[in-house]
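For reference, the structure discussed in these notes is given below.
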Amino acid sequence: ERTFSINGDDINYKREYDSSVYAVYRQMIELREKHIALQYGNTKTLIIDDARRVYAFRRDSGLDKVWIVMNAGSEPQHCRIPVGAHPNGTRIVDPLNGADFFIAQGHLSMVLPPRTVSVLLAAEANQ
């Protein structure tokens, strides 16, 4: 409970929040602070699929690259994301969901659960 004054009246308001949502916001803020691409980078759309409700884009600034993949649908979706000229076997991490992926033939393949966002970084960029 927190008390604060509104127009001179002291009113008690319960402050309840979902700690898991707070934790995700903290992680996202930390990622933004750590990656210049998320602050000032260029944006390139990679996938727009209205039927499957999937959207993917890349933010990049110099060597810093971050891929964001969203599934707004109610079903899991297989996504094949073009990642450019990264060598086969390059490890990509999703720090929000604790998953690892590997690039094959210039793409990253993943199954994205419903109503999920993945933030993808080259493993060495997440050190």
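The values are calculated or read from the model by the stated rules, or taken from the named source; none is laboratory data. Predicted, not measured: the structure shown is a model, and the values here were computed from it. In this analysis, Cβ positions are derived from the backbone assuming ideal geometry, glycine residues included, and neighbour counts consider all displayed protein chains. Ligands, DNA and RNA are excluded from the accessible area calculation, which covers all protein heavy atoms including side chains. Shrake-Rupley method; radii C 1.70, N 1.55, O 1.52, S 1.80 Å.
For the reader, a short list of remarks on this structure follows.
- Any hit, the range 63-78, residues being under 16 Å from the mean Cα position of the chain (by Cα), within 23 Å of VAL21 (Cα to Cα) and surrounded by fewer than 13 Cβ atoms within 10 Å (Cβ to Cβ): no
Yes or no, residue by residue, for (1) modelled with pLDDT of 90 or more; (2) on the phi > 0 side of the Ramachandran plot; (3) not basic (Lys, Arg):
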site: ASP18; (1), (2), (3): no, no, yes
site: VAL24; (1), (2), (3): no, no, yes
site: MET28; (1), (2), (3): no, no, yes
site: ILE48; (1), (2), (3): yes, no, yes
site: ARG52; (1), (2), (3): yes, no, no
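- Summed over the range 79-99, the residues that are open to solvent by less than 40 Å² (accessible area, probe 1.4 Å), in a loop (DSSP other than H, G, I, E, B), of a type outside the set (A, V, I, L, M) and closer than 18 Å to LYS34 by Cβ give a count of 1.
- Total residues in the range 35-62, condition in a strand (DSSP E or B), exposed (fewer than 12 other Cβ atoms within 10 Å of the Cβ) and hydroxyl-bearing (Ser, Thr, Tyr): 2
- Some residue of the range 108-115 being in contact with a His (Cβ under 7 Å, 6 or more places away or on another chain), touching a residue at least 24 places away in the same chain (Cβ under 8 Å) and under 14 Å from ASP64 (Cα atoms): no
- Residue match in the range 101-124 (condition: of a type outside the set (Phe, Trp, Tyr), buried (at least 19 other Cβ atoms within 10 Å of the Cβ) and in a loop (DSSP other than H, G, I, E, B)): yes
- Filtering the range 63-78 to residues that are in contact with a Leu (Cβ under 7 Å, 6 or more places away or on another chain) and not in a strand (DSSP E or B) leaves only PRO76.
- The residue pairs whose first member lies in the range 90-106 and is within 13 Å of LYS65 (Cα to Cα), whose second member is surrounded by fewer than 16 Cβ atoms within 10 Å (Cβ to Cβ), and whose beta carbons are closer than 6 Å, counting only pairs six or more residues apart or on different chains, are VAL93/ASP100; VAL93/ALA123.
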